[in-house]
1. Give me the net charge of GLU400's neighbourhood, meaning all other residues with Cβ under 15 Å from the Cβ of GLU400; Lys, Arg count +1, Asp, Glu -1.
2. Which ³J(HN,Hα) values, rounded to whole Hz and listed in residue order, are derived for the stretch 82-98 from phi using the Karplus coefficients 6.51, -1.76 and 1.60 in 6.51 cos²θ - 1.76 cosθ + 1.60 with θ = phi - 60°, glycine and proline given as x?
3. Whose amide H sits under 5 Å from the amide H of GLY131, counting only residues 5 or more places off or on another chain, with H placed in the peptide plane?
4. What percentage of the solvent-accessible surface of the stretch 282-405, computed with a 1.4 Å probe over protein heavy atoms, is contributed by carbon and sulfur atoms?
5. Grab the other residues whose beta carbon is less than 11 angstrom from that of ASP296, score K and R as +1, D and E as -1, and report the net.
6. Carbon and sulfur: what percent of the stretch 92-142's accessible surface (1.4 Å probe)?
7. Kindly report the accessible area of the stretch 150-203 per residue (heavy atoms of protein chains, probe 1.4 Å, no ligands, DNA or RNA), in Å².
8. Whose amide H sits under 5 Å from the amide H of LEU87, counting only residues 5 or more places off or on another chain, with H placed in the peptide plane?
Amino acid sequence: MAELTAFSSSGAEAISRTIDLQEEVPTDLSPEELEDTFDVQRTAEEIEKGDYKRIALQFPDELLPHSVPLYRALKATIADSRELYVLADTSYGSCCVDEVAAQHVDADALVHYGHACMSQTSRLPVIYVLGKKPIDPRHCADSVAEALKTNSNLSEKRSILLRYDVAYAYQAENVIRELKERLPPATQILHTPIPLVALSTPSGPQRVHHQVHNATADPNQMQSTDEAQHDTSPEDCMILYLGSESLTLTNLLLTHASYEILSYDPVTRETRIESSRTNKLLMRRYAIVQKARDADVIGILVGTLGVANYLPLIAHLRNIIKKAHKKSYTISVGKPNPAKLANFLEIECFVLVACPENSLLDAKDFLRPIVTPYELEVALQPTQSWTGRYILDFDQLLREYQEGLNGAEPSEDNEEEDLEQPVFSLVSGTYRHAKRYGDSTVTQASGDEQSSAVILRNQENALSKMDDSAAAQFLQGRSFRGLETRIGQDAPSVLEQGRSGIARGYADDHRDSAGS
């Protein structure tokens, strides 16, 4: 393999690089299997019913081998006047609806294939094709029933809230039917079907639920609305998750820390209790929250443009960062990676505005910690307190913050805040003096600090000292001040004739054609 330098690499490396797929997907599907797995007929019917003219087909990396056959199958089913476009590389996470790429082709609808975070969209109508992973409902019910019998804490629960990877949604009704045959009659199974279509209306996007009715089961026990699910308490209800180890399961553990969670993996056909991992996950996130608490310069990392309410959330984050006398920068870099974020050395912590599936990043390879919006709210509280409650949903976070503002009583404490009061850091175990950005009174620097301060000259040639700029303070604090000035101390360098021409064939002007 050719050796790569530290500052550049061959352009062919980007083409020949191998992509690690999240899951293995069979590539040799017959036309009948392709039709059944990816709901070609249902997709065509939704396109015709919505009278969409330009439709974008969004594929994750693992489903790209099926993009051409699906394009041909849909094109042969819909009217010739309708145009289809394949979106192969998403702007952010593949689980989110890529409305940015769809707007490049002026699409009026989008078909999302594969795993989806089901976040509320803001612009385009979306048709979800979730796929169909294999699962045995009978074995699932037998394994879950056996686990409930052997665990006294789980067997006492009167309600079971069913959650699953979206690829198993097509078998949810069969799993519920098998569970009801093996569980006590008093056990209630709560289930809200996953919407397969999100329509755009004047009042905002609206979800359309495709529900399969089952005449053999009691509808009052088989399904319930979101309101009924919120009424359940951790003492009487447990959560059953169908799927393999994934970010969906991790997010479920964090956001439902007080619930007993039982998971069934259709791949390994094993059932296990996941609740024991919750404390370790929360402790790990709490350590990152403490690092965010010590940060004075925070970068708001825009990780999505297709999830509804991302703009109000960014405005909310800017507001609470400003109130905490910290500096914020808003950055949009597409898919974040350590190399991209390492360019912003003055930023001490990042807060990622993304869908719940992509909000939790493993920051071991990153130079700075990356937190979620809720974790930043906890970090910026005057007093350190966290009950273990966790929120990843945009709407819930903004709604609870607004309710807190409306219900807060006006403070009667008019004492001025001590700007010089040190802050104790749980990370370093010492007291630290936090930088205060946005204060009306700025301490005047003296001596060497004045001479090395960063000065800004505007178009009118007026000078102003940049006291409240985090980037300026970072440059001012660098140990490297540029090349050393040694005018008159070194001998002049030898002047030589340079090269001319284009990069693929330089020519030396001072040599003749004979090469003499």
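1. On the way: positive: ARG389, ARG399; negative: GLU375, GLU377, ASP393, ASP395, GLU403.
So the environment of GLU400 carries a net charge of -3.
2. Karplus-based 3J(HN,Hα) across the stretch 82-98 equals 8, 10, 10, 10, 9, 9, 8, 10, 7, 5, 10, x, 6, 6, 8, 6, 8 Hz.
3. Hits under the 5 Å cutoff: GLY114.
4. Details: 2960 of 5440 Å².
Exposed carbon and sulfur together represent 54 percent of the surface.
5. Details: positive: ARG293, LYS326, LYS327, ARG432, LYS435, ARG436; negative: ASP294, GLU346, GLU348.
Neighbourhood net charge equals +3.
6. Whole-percent figure for carbon plus sulfur exposure: 48.
7. Values: 2450 Å² over 54 residues.
I get 45 Å² per residue for the stretch 150-203.
8. LEU57, GLN58, PHE59
The values are calculated or read from the model by the stated rules, or taken from the named source; none is laboratory data. Here the structure is a predicted model, which is why all the values come from computation and not from measurement. Methodologically, a virtual Cβ is constructed for each residue, glycine included, from the backbone with ideal geometry; neighbour enumeration extends over all protein chains shown. Quick note on the areas: whole protein, heavy atoms, side chains included, nothing else; ligands and nucleic acids left out. Shrake-Rupley method; radii C 1.70, N 1.55, O 1.52, S 1.80 Å.
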